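Undergrad: Quick one: the structure is below, questions incoming.
The values are calculated or read from the model by the stated rules, or taken from the named source; none is laboratory data. A quick note: this is a predicted structure, and the numbers were derived from the prediction, not measured. Cβ sites come from the backbone with ideal geometry, for glycine too, and all protein chains shown count toward neighbours. Remember, those area values only see protein heavy atoms, side chains included, never the ligands or the DNA or RNA. Shrake-Rupley method; radii C 1.70, N 1.55, O 1.52, S 1.80 Å.
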Amino acid sequence: MWKIFEKANKPGWAAIVPFYNLYILFEITWGNGWYFLLMLLYIIPVAGPIAVLVILIITYIKLAKVFGQGGGFAVGLIFLTLIFMGILAFGKDYKYVGINLTNQNEPIQ
């Protein structure tokens, strides 16, 4: 996560600070870091963990988009997280393209 944060022009040390790393990840992917508070839904019995899983899947899809990758890379992030995070972090071809706050579906070109 350290290298991914640095590629997104965020402090790399934030990756090792609990909760703050989620804030930075959500800031990179959603455009607003405070959405990480949605993770508190986990305390709701039965539906909470399912909601958090859906939020994490959407976050990985958005992470792939802000680095200019498509749906196949997003599937890799979801099912093989450690491997694809490493590819994203250390791959020379993977650049942070940013998030378009006016149209959340398209990364900034």
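Undergrad: Looking at Ile87, Ile83, Ile99, Ile78, which is the one that is open to solvent by less than 50 Å² (accessible area, probe 1.4 Å) and either touching a Gly at 6+ places or on another chain (Cβ under 9 Å) or at pLDDT below 90 (or both)?
TA: Ile99
Undergrad: Return the only residue of Lys62, Lys3, Lys10 being in contact with a Ser or Thr (Cβ under 9 Å, 6 or more places away or on another chain) and at pLDDT 90 or above.
TA: Just a single option satisfies the conditions, and that option is Lys62.
Undergrad: Count, please, the residues in segment 36-47 that happen to be among the aromatic types (Phe, Trp, Tyr) and open to solvent by 100 Å² or more (accessible area, probe 1.4 Å).
TA: 1
Undergrad: Further question: Got at least one residue in segment 60-73 being among the polar types (S, T, N, Q) and open to solvent by 40 Å² or more (accessible area, probe 1.4 Å)?
TA: yes
Undergrad: What is the one condition in (1) modelled with pLDDT of 90 or more; (2) out of contact with any Gly (no Cβ under 9 Å at 6 or more places or on another chain) that Asn32 does not satisfy?
TA: Just one mismatch for Asn32, condition (1).
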